[in-house]
1. For region 202-239, how many residues meet the condition of being loosely packed, with under 14 Cβ neighbours inside 10 Å and part of a loop (DSSP other than H, G, I, E, B)?
2. Show the residue pairs that are 6+ apart or on different chains and have beta-carbon atoms under 6 Å apart, the first residue being within region 95-113 and of a type in the set (D, E, K, R), the second being more than 14 Å from the ligand (Cβ to nearest atom) and not in a loop (DSSP other than H, G, I, E, B).
3. Condition first: within 15 Å of the ligand (Cβ to nearest atom) and acidic (Asp, Glu). Now tell me which residues in region 165-192 satisfy that.
4. Suppose we filter ILE107, ILE98, ILE135, ILE128 for residues that are within 15 Å of the ligand (Cβ to nearest atom) and surrounded by fewer than 20 Cβ atoms within 10 Å (Cβ to Cβ); which single one remains?
5. For residues that are part of a loop (DSSP other than H, G, I, E, B) and buried (at least 24 other Cβ atoms within 10 Å of the Cβ), scanning just region 1-24, find the one that is nearest to the ligand (Cβ to nearest atom).
6. Answer yes if at least one residue in region 230-249 is touching a helix residue (DSSP H, G or I) at 6+ places or on another chain (Cβ under 6 Å), hydrophobic (A, V, I, L, M, F, W, C) and away from the ligand (no atom under 16 Å from the Cβ), and no otherwise.
7. Quick check, is THR56 closer than 18 Å to ASP154 by Cα, within 11 Å of the ligand (Cβ to nearest atom) and surrounded by 16 or more Cβ atoms within 10 Å (Cβ to Cβ)?
8. Counting only residues that are out of contact with any strand residue (DSSP E or B) (no Cβ under 6 Å at 6 or more places or on another chain) and farther than 13 Å from ASP90 by Cβ, which one in region 110-125 is farthest from the ligand (Cβ to nearest atom)?
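What follows draws every value from the coordinates through simple rules; no lab data is involved. Because the structure is predicted, anything quoted here is derived from the model rather than measured. Cβ: placed from backbone, ideal geometry, glycine included. Neighbour counts: every protein chain shown.
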Amino acid sequence: MLKGKKISFIGGGKMGSALIKGILAHNLIAPGKVTVADVVEGQLEELRKTYGVLATKDNKKAVGEADIIILAVKPQNMTEVLEGISGGIDTGKLIITIAAGISTGFIEEHLKKGARVMRVMPNTPALIGEGAAAIARGSHATDEDLALTLHIFDAVGITVTVKEDLMDAVTGLSGSGPAYAFVIIDALADAGVNMGLARDIAVKLSAQTLLGAAKLCLIGDKHPAALKDMVTSPGGTTIAGLQAIEEGKLRATMMAAVEAATLRAKELGRKK
Ligand SMILES: NC(=O)c1ccc[n+]([C@@H]2O[C@H](COP(=O)([O-])OP(=O)(O)OC[C@H]3O[C@@H](n4cnc5c(N)ncnc54)[C@H](OP(=O)(O)O)[C@@H]3O)[C@@H](O)[C@H]2O)c1
């Protein structure tokens, strides 16, 4: 699907690098067809050395050569980036933005009329092909643009399509979610250490338990609550643990976390 096409990344930081690694590992495109532009020389050198991609400090040059441009800079840098590259973007190019809180409308306003924009909220497990990304289309994006975007992000994990007004909620849930999961894994490991387990063993058991439970949710057709009921016997150990979880308000804390991150994404979108 990407045959004969060139992709340029504007921004080769954490997320840009994760996507580059993912699409190359899945042989979606040859390294020589990928260009990354960044302001950090060391970052460019690292990407050039590790992946064999083309690297430049010149955003305009990167844009000029590409069929697909992935905007992977921080939301606060988006305006200056768009102002710098807008002259080189016509309706022949597909723009994919992954910036939290930045709407397709905002991108379109800064580019020539009719610009084809897709918006994606990925997450960092894309680095190992286990990402979760939501995709929304801008007003001039075509069915083929949607298919191409799904193709790119399916290679580095799972994808869902959503209406754009839900993208901040996606940012709050799966965009920021890996950090919540790391805290839970660390907390469970602490709990194991507190009960006498060695740290390395506790981390291994904790992380694999989350991974296994997540796979059961994704592979089967059972609701998470049904899966929980299946391992909770009357008067047993698990229900005793669950009671402590309810007393500690884990569910309310998760809801508050996703709400706070969603609101922050909205705020960043207004500030940019
Ligand atoms: N990290 C995540 O988990 C995640 C998840 C979902 C979505 N995202 C989105 O992905 C985007 C990138 O996030 P990130 O975590 O990868 O950030 P990052 O690590 O800071 O990467 C952004 C890179 O772009 C560079 N840059 C800044 N201004 C530039 C310019 N004018 N032209 C070219 N490059 C420029 C930055 O350099 P400096 O460091 O010098 O500024 C940095 O190397 C953000 O919009 C974020 O909302 C991130």
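1. Summing the residues that are loosely packed, with under 14 Cβ neighbours inside 10 Å and part of a loop (DSSP other than H, G, I, E, B) in region 202-239 gives 9.
2. From region 95-113, the pairs are GLU108/VAL117.
3. Correct list: ASP168 only.
4. Going through ILE107, ILE98, ILE135, ILE128 in turn, the sole match is ILE128.
5. Once the filter is applied, the top-ranked residue is GLY11.
6. yes
7. Judged against the criteria, THR56 is not a match.
8. If we take residues in region 110-125 being out of contact with any strand residue (DSSP E or B) (no Cβ under 6 Å at 6 or more places or on another chain) and farther than 13 Å from ASP90 by Cβ, then HIS110 is farthest from the ligand (Cβ to nearest atom).
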